[in-house]
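Engineer: One structure coming up, written as structure tokens, with questions to follow.
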Amino acid sequence: MRATVQQARDTCTRSELRLPAQPSKLSVAREYVRDAAAAFGFDAERCYEIAFAVNEAVTNAIRHGRPDEHGEIHLSTLGEGERLTLSVRDYGTFVASTVDYSPTAEGGRGFALMAGLMDTVQLCVSSDGTTVRLSKALT
Amino acid sequence: MGFFYISDDAPVAGIERLGDIAMLVAGGDIDYDASPQLRERLADHIHKGARRLVLDLSKVTFIDSTAIGVLVGAVMRLHEEGGGSLAVVCADENRRVLRIFEIAGVDSLIGLYRSREEALLELATTG
């Protein structure tokens with residue numbers, strides 16, 4: 001059991017990026033996530049999908065959320081075993097969208113696209129912030 | 001900042017005049033940062049009277065939901081103006097952009113073609 005726990009710890013990797021909440025920084029977020037996903041072992045197509053999903057979450061945080069006192073939102077990665085989880089946190093309180101989800105609406109597609117490309121999408125709302133967790137397994 | 005460009009009146013092999021069809025070509029990353037430029041350019045053409053728009057995205061390396069929303073908005077604007085169509089061109093090789101269109105589920109609004117010639121042929125046929 002001890003050896004198993006140690007092995008799990010050895011394969012657990014974390015990283016964090018604090019990103020200015022500005023549209024011009026989205027490309028930085030995508031590059032960061034692509035690199036993290038590639039280092040974790042995903043192929044180029046999966047790296048693209050993960051970067052796409054995170055881009056949607058970061059865009060939502062910039063558009064609808066609130067940055068920390070430094071004007072930043074937090075993007076973190078956690079690799080555990082075969083699974084990579086990416087979290088996008090802002091300090092606003094998520095408000096359920098009243099967007100028209102019809103095909104002719106301009107907005108409201110972000111979460112559907114994230115869900116279409118990731119294994120899991122979680123929205124965690126608390127009084128001090130909103131976190132979107134996206135995860136995907138290698139196999 | 002990501003790389004993005006859009007230009008008008010892109011050439012089509014074998015066709016010298018496009019009549020009332022506006023042909024645009026974009027490249028690079030179309031995200032929330034670049035989408036306003038795309039929206040502005042499409043709106044400008046519609047404002048000037050274009051009712052048939054062809055947008056070639058074959059060289060686009062990234063497209064997000066805000067860009068898809070801009071395209072849907074342009075289609076709705078054309079409908080408000082009395083009718084028209086937006087044809088998006090994306091070469092088969094650009095599987096990443098094609099995949100996003102498939103998942104976004106906008107095929108009932110936006111015609112997707114594999115080449116500019118194919119899009120123009122369709123527009124010429126449907127008027």
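Engineer: Give me a single rounded figure for A:55-64: the average over its residues of other chain Cβ atoms within 10 Å of their Cβ. All intermediate terms of the calculation are to be shown ahead of the outcome.
Structural biologist: Working: counts 7, 5, 0, 2, 7, 2, 0, 2, 2, 0.
Per residue, the number of nearby Cβ atoms from other chains is 3 on average.
Engineer: Taking each residue of A:105-116 in turn, how many C-beta atoms of other protein chains fall within 10 Å of its C-beta, and what is the average?
Structural biologist: Across A:105-116, the average partner-chain Cβ count within 10 Å equals 5.
Engineer: Let me ask you something else. Spelling out what I want: for every residue of segment A:67-72, take phi, set θ = phi - 60°, compute 6.51 cos²θ - 1.76 cosθ + 1.60 (Karplus), and round to whole Hz; glycine and proline get x.
Structural biologist: Working through the residues one at a time gives x, 6, 5, 9, x, 10 Hz.
Engineer: Using the Karplus curve 6.51 cos²θ - 1.76 cosθ + 1.60 with θ = phi - 60°, what ³J(HN,Hα) values do you get for each residue of segment B:75-86, in whole Hz, with x for Gly and Pro?
Structural biologist: These are the phi-based 3J(HN,Hα) values: 5, 5, 5, 4, 4, 5, 7, x, x, x, 8, 10 Hz.
Engineer: Return the single residue from A:ALA115, A:ALA21, A:ALA105 with maximal mean-square fluctuation; model: Gaussian network over chain A, springs between Cα atoms under 10 Å.
Structural biologist: In this elastic network of chain A, the residue with the biggest mean-square fluctuation among A:ALA115, A:ALA21, A:ALA105 is A:ALA105.
Engineer: Does chain B classify as rounded, prolate or oblate by the C-alpha gyration tensor (a ≥ b ≥ c root eigenvalues; a/c under 1.5 gives rounded; else a/b over b/c gives prolate, otherwise oblate)?
Structural biologist: rounded
Engineer: Please average, across the residues of B:62-70, the number of beta carbons from any other chain that are within 10 Å of each residue's own beta carbon, and give a whole number.
Structural biologist: That average works out to 6.
Engineer: Looking at segment B:4-126, send over the antiparallel percent of its DSSP beta bridges, to the nearest 5.
Structural biologist: Counting DSSP beta bridges with both partners in segment B:4-126, the antiparallel share is about 25 percent.
Engineer: Going from the alpha-carbon gyration tensor of chain A, what semi-axes, largest first and in whole Å, does one get by taking the root of 5 times each eigenvalue?
Structural biologist: 26, 17, 15
Engineer: If you project the alpha carbons of the protein assembly as shown onto the principal axes, what extent comes out on each, in Å, largest first?
Structural biologist: Projected onto its principal axes, the Cα set of the protein assembly as shown covers 74, 36, 29 Å.
Each value in this text was obtained by applying a stated rule to the coordinates, not by laboratory testing. In this text the structure is predicted, and so the values were computed from the model without any measurement. All Cβ positions, glycine included, derive from the backbone under ideal geometry; neighbour counts span all protein chains shown.
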